[in-house]
Amino acid sequence: MRLYAIAPPRRTTTLLLATILLLIGGLLLAHPGRAGAAADPLISRGKPATSSSVEDSTFLPAKAFDGDPATRWASAEGSDPQWIKVDLGSTATVSRVRLSWEVAHAKAYRVEISADNATWTRLATETAGDGGTDEWTGLTGKGRFLRVYGTARGTSYGYSLYEVEVYGTFDSGPPPSGAFTVVAAGDIAAQCTASSSSCAHPKTAAQAQRINPKFYLTMGDNQYDDALLSDFRAYYDKTWGVFKAKTRPAPGNHETYDPSGPLAGYKAYFGALAYPQGKPYYSYDEGNWHFVALDSNSFDDPAQIQWLKDDLARNTKGCVAAYFHHPLYSSGGHGNDPVSKPVWQILYSARADLVLNGHDHHYERFAPQDPSGRATADGIVEIVGGMGGAEPYPIETVQPHSQKRISGTYGVLKLDFTDTTYTWQYVGTDGQVKDSGPTYTCH
């Protein structure tokens, strides 16, 4: 048991240790201010959690924050380092952290805190962990994100925690409410099945399902090559189709190649999911977010453009996200697509926050920018997420304000929303987090 972060306890006899613990426990109750922990509430229960990996879908990171001592998070076995992280929702001063390890414990680890999910400050360090329960008190860290970062396993397995409990106080009242998670990807189902080891969309579907989001988004080219209904049924339906009822799709250019007519197979397969308002573009709300799904094959259609203007004018939500196939900015083979610029202008004028695209088969994130490509704090964040299963494209010409690019690694976007913020991770098919985005506040 850890009593103070500044010095590990000395090993001693059971009787003496029990006596010391009893005495200190009395001091904590009598002088909570002096201990800096006893009176502070638990602030991590039920908060969004992520991890570097999971052993399988039974041991998701959320299990370490659910308050159930019988459930747990477990990392992939046999590799270091590994980590588990919680988003507290807003900035807090952390005074105590309690870790309940399974047999697969950490011999060496750090407890760290961050304000921006990028720069981490160490709160406590363990170099001789022996499992059981570790309790770190007397902490004074400030931040929104807390993680346990394991650097050496105590067993030949992975890392596994029944519970991670974070205690402290929020600096400005309770954190934002309305938290939910979304999984997104574009360029998904090649004409292959799980019987082929090189077939990627069964693997991205499995990872998407393990995350178990509120719903799924697709950013076009859902089915290759010509998006025939028969191909949707033979390929997409066997993988991403498993959670079709929770999917809110958008079409890509391959959906227009169907010999039966543009979007014919797409419409027949998805039905009202893709046409809830009678057109291949639509909108819906979740929490304080307004989502807009667009058909970038027809951005020259005045009806869609007018619908978008009217839809955004009616919107009453504080945050706006749009998704469609063709990215305005991309460092991949297709490059920048000016067909999207007029739509970006409409979104920017409506103070939209986030745009998700596919088309280029790589992952890329951009700093906030305006429709003319100028960096600005009130700009739109664009993410290209075209690694859902189609053959990867190389990075060719790196565009201004591109912050991160990954090609050749299949995966999905895991997006975490609250009523006032959003952040995301790019998660590979191996369950490893390949990139984490900053946390942005809605305009």
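The values are calculated or read from the model by the stated rules, or taken from the named source; none is laboratory data. Keep in mind it's a predicted model, so treat the numbers as computed, not measured. No Cβ is skipped: glycine too gets one built from the backbone with ideal geometry, and neighbour counts run over all protein chains shown. Keep in mind that these areas ignore ligands, DNA and RNA; they rest on the heavy atoms of the full protein, side chains included. Shrake-Rupley method; radii C 1.70, N 1.55, O 1.52, S 1.80 Å.
Pick from Leu229, Leu294: which is touching a helix residue (DSSP H, G or I) at 6+ places or on another chain (Cβ under 8 Å), at pLDDT 95 or above and farther than 30 Å from Arg351 by Cα?
Working: Leu294 fails: farther than 30 Å from Arg351 by Cα.
The conditions single out Leu229.
Take the conditions surrounded by fewer than 22 Cβ atoms within 10 Å (Cβ to Cβ), hydrophobic (A, V, I, L, M, F, W, C) and at pLDDT below 95 and apply them to Ala62. Does it pass?
Spelling it out, Ala62 is indeed surrounded by fewer than 22 Cβ atoms within 10 Å (Cβ to Cβ), hydrophobic (A, V, I, L, M, F, W, C) and at pLDDT below 95.
Does Ala313 fit the bill of being more than 21 Å from Arg248 (Cα to Cα), out of contact with any Gly (no Cβ under 9 Å at 6 or more places or on another chain) and open to solvent by 20 Å² or more (accessible area, probe 1.4 Å)?
Yes: the conditions hold for Ala313.
Report, by residue number, each residue of the stretch 109-137 that is part of a strand (DSSP E or B), hydrophobic (A, V, I, L, M, F, W, C) and open to solvent by 20 Å² or more (accessible area, probe 1.4 Å).
Once the filter is applied, which keeps residues that are part of a strand (DSSP E or B), hydrophobic (A, V, I, L, M, F, W, C) and open to solvent by 20 Å² or more (accessible area, probe 1.4 Å), the stretch 109-137 yields only Leu123.
What number of residues within the stretch 254-269 are loosely packed, with under 15 Cβ neighbours inside 10 Å and at positive phi?
Result for the stretch 254-269: 1.
Tell me the residue from Val433, Val384, Val339, Val398 that is of a type in the set (A, V, I, L, M, F, W, C) and open to solvent by less than 30 Å² (accessible area, probe 1.4 Å), please.
Within the list Val433, Val384, Val339, Val398, the selection yields Val384.
Specify which of the listed residues (Arg144, Arg110) is of a type in the set (Lys, Arg) and over 21 Å from the mean Cα position of the chain (by Cα).
Arg110
Within the stretch 89-97, is even one residue more than 25 Å from Val427 (Cα to Cα), open to solvent by less than 30 Å² (accessible area, probe 1.4 Å) and among the polar types (S, T, N, Q)?
yes
Every residue in the stretch 225-253 that is open to solvent by 20 Å² or more (accessible area, probe 1.4 Å), assigned to a loop (DSSP other than H, G, I, E, B) and either acidic (Asp, Glu) or in contact (Cβ under 8 Å) with a residue 40 or more places away in the chain (or both), please.
Answer for the stretch 225-253, where residues must be open to solvent by 20 Å² or more (accessible area, probe 1.4 Å), assigned to a loop (DSSP other than H, G, I, E, B) and either acidic (Asp, Glu) or in contact (Cβ under 8 Å) with a residue 40 or more places away in the chain (or both): Asp225, Asp226, Tyr235.
Of everything in the stretch 270-307, what is part of a helix (DSSP H, G or I) and surrounded by 14 or more Cβ atoms within 10 Å (Cβ to Cβ)? Give them in sequence order.
Phe270, Leu273, Ser296, Asn297, Ser298, Gln304, Ile305, Trp307
Taking His326 as meeting all but one of (1) within 22 Å of Arg233 (Cβ to Cβ); (2) under 25 Å from the mean Cα position of the chain (by Cα); (3) open to solvent by 10 Å² or more (accessible area, probe 1.4 Å), write down the number of the exception.
(1)
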